[in-house]
1. So which of Glu245, Glu239 ends up being near the ligand (Cβ under 8 Å from one of its atoms), surrounded by fewer than 21 Cβ atoms within 10 Å (Cβ to Cβ) and at pLDDT 95 or above?
2. Out of everything in segment 336-385 that is of a type in the set (Ser, Thr, Tyr) and in contact with a strand residue (DSSP E or B) (Cβ under 8 Å, 6 or more places away or on another chain), what residue ends up being surrounded by the most Cβ atoms within 10 Å (Cβ to Cβ)?
3. I'd like the residue in segment 255-300 that is away from the ligand (no atom under 11 Å from the Cβ) and assigned to a loop (DSSP other than H, G, I, E, B) and, out of all such residues, is farthest from Arg227 (Cα to Cα).
4. Could you grab the pairs with beta carbons closer than 6 Å, sequence gap of 6+ or different chains, first residue in segment 334-350 and outside any helix (DSSP H, G or I), second one among the aromatic types (Phe, Trp, Tyr) and more than 8 Å from the ligand (Cβ to nearest atom)?
5. Could you tell me whether Val319 is β-branched (Val, Ile, Thr), more than 10 Å from the ligand (Cβ to nearest atom) and touching a residue at least 60 places away in the same chain (Cβ under 8 Å)?
6. Just one of Ile121, Ile117 is away from the ligand (no atom under 16 Å from the Cβ), open to solvent by 20 Å² or more (accessible area, probe 1.4 Å) and in contact with a strand residue (DSSP E or B) (Cβ under 6 Å, 6 or more places away or on another chain); which is it?
7. Tell me, which helices (runs of 4 or more DSSP H) lie completely within segment 1-98 with 1 or more residues that are at pLDDT below 95 and in contact with a His (Cβ under 9 Å, 6 or more places away or on another chain)?
8. Go through (1) under 21 Å from Tyr187 (Cα atoms); (2) surrounded by 24 or more Cβ atoms within 10 Å (Cβ to Cβ); (3) over 25 Å from the mean Cα position of the chain (by Cα) one by one and return the number of the condition Val267 breaks.
Amino acid sequence: MNYDVKDLGLADKGKLRIEWASRFMPVLKHIEAKFQKEKPLKGARLSACLHVTSETGNLMKVLKAGGAELALTASNPLSTQDDVSAALVKHYEIPVFAIKGEDNETYYKHVHQALDIKPNITMDDGADLVSTIHSKRTELIKEIHGGTEETTTGVIRLKSMANESVLNYPIIAVNDAKTKHLFDNRYGTGQSTIDGILRATNILLAGTNFVVAGYGWCGRGVALRARGAGAHVIVCEVEPLKALEAVMDGFQVMSLKQAAKIGDVFVTVTGDKNVIREDHFSLMKDGAIVANSGHFNVEIDIHALEELSKEKRTIREYVEEYSLKSGKKIFLLGEGRLINLAAAEGHPAMVMDMSFANQAMSALYLYRNGNKLENKVYAVPEDIDSEIAVMKLKTLGVKIDTLTLEQKKYLADWKEGT
Ligand SMILES: NC(=O)c1ccc[n+]([C@@H]2O[C@H](COP(=O)([O-])OP(=O)(O)OC[C@H]3O[C@@H](n4cnc5c(N)ncnc54)[C@H](O)[C@@H]3O)[C@@H](O)[C@H]2O)c1
């Protein structure tokens, strides 16, 4: 078996972490049992480019139980958990190509290695498989039934490929499932981003001015959790409606230039580029801490920070101290890469349970139906989304009411009024 991981000696520790995560992934376990019996993915070759975490380890086990041949590579050079990749290779015989801290060249070498199984399904988090296939491995396209995409930024990239008619196979936007972004992006990113910042810095959040750039699903979660920790949360947005929502949710809303002067901690979660840039660094207080939790490391203009600085050093793991020519210091966390995965462990398993249930069911849907779909970006079929919500509630022991026949009729009727 081909693989490239840091150290197989870490495998036993990784296996325990995969088992721990599985305790919080009951929906995925249910799917695994079904897949084990029915082998619905027999004959599928699936290349996955996902953050290699203990939760992803559980997804890989499910897909393998379904009969798929797999290859896994990382979707970010800093997000790999080396013990998990070792465990997947040694204990579950799943080929993994991922080493935490790998350079860009190795990252893309690994992406290519994961594609060498000639996939008929791709599973992306940020569209790196799709873009590599479309630019450098076009010979693979004819055998591909379809692909899935995990995150907002990937879906945006893929939709723009579809709009320009350059997308050559169908994609299911797992991110857009309600049982994904309403929970994973909001509560998962919310909690784990704070976790990453705290593990990197060990600062006290209470009383800080905590600036969140972007009030989308992730930004809402980060703002909510930072407020819970006692921070004064400031939101910066570009969309008037989202800004208004943040105001009504009780946050201070202002431009990033205003916030730059007073912020103690800054977090970007926009999916956009150069959100924090030279003008902002110049205005920041001495000691400001800057982090990103958006998908790519482009939200903070690190080049501008380098230009403004006379030297830098690593003062703690995941904390770079930049000494500016002006005399002040700015601290950049996790090289501007998503801090929840760089310095912490990513989203808790409880929330990834639903995201990855969507991945497993969407992969199966594509394997069965991909050849009938157009080269477009599709939503997760609604019945999959609602089945996952039903399963999650059941595993949480939550019972809900059902509509009576009279209520169903009333809600479908326009005649009954005052
Ligand atoms: N860290 C993680 O584990 C994780 C998890 C899920 C998603 N993500 C990533 O986080 C990013 C945000 O995802 P989302 O689902 O919240 O997206 P979203 O589209 O719901 O929200 C993004 C928000 O940022 C705002 N924005 C854009 N440019 C801005 C700017 N220059 N200044 C201020 N605000 C700006 C937009 O108006 C929007 O409201 C994406 O890159 C996504 O892929 C990361």
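1. After applying the criteria, what remains is Glu239.
2. Taking the candidates together, the pick is Ser362.
3. Out of the qualifying residues, it is Asp286.
4. Ala343/Tyr318
5. Here the answer is yes, as Val319 does meet what is asked.
6. Ile117
7. In segment 1-98, there are no helices (runs of 4 or more DSSP H) which contain 1 or more residues that are at pLDDT below 95 and in contact with a His (Cβ under 9 Å, 6 or more places away or on another chain).
8. Unmet condition: (3).
The values are calculated or read from the model by the stated rules, or taken from the named source; none is laboratory data. Please read all numbers here as calculations on a predicted model, not as lab measurements. We place every Cβ from the backbone using ideal geometry, glycine too, and count neighbours over all the protein chains shown. Surface areas here come from the heavy atoms of the whole protein model, side chains and all, with no ligands, DNA or RNA. Shrake-Rupley method; radii C 1.70, N 1.55, O 1.52, S 1.80 Å.
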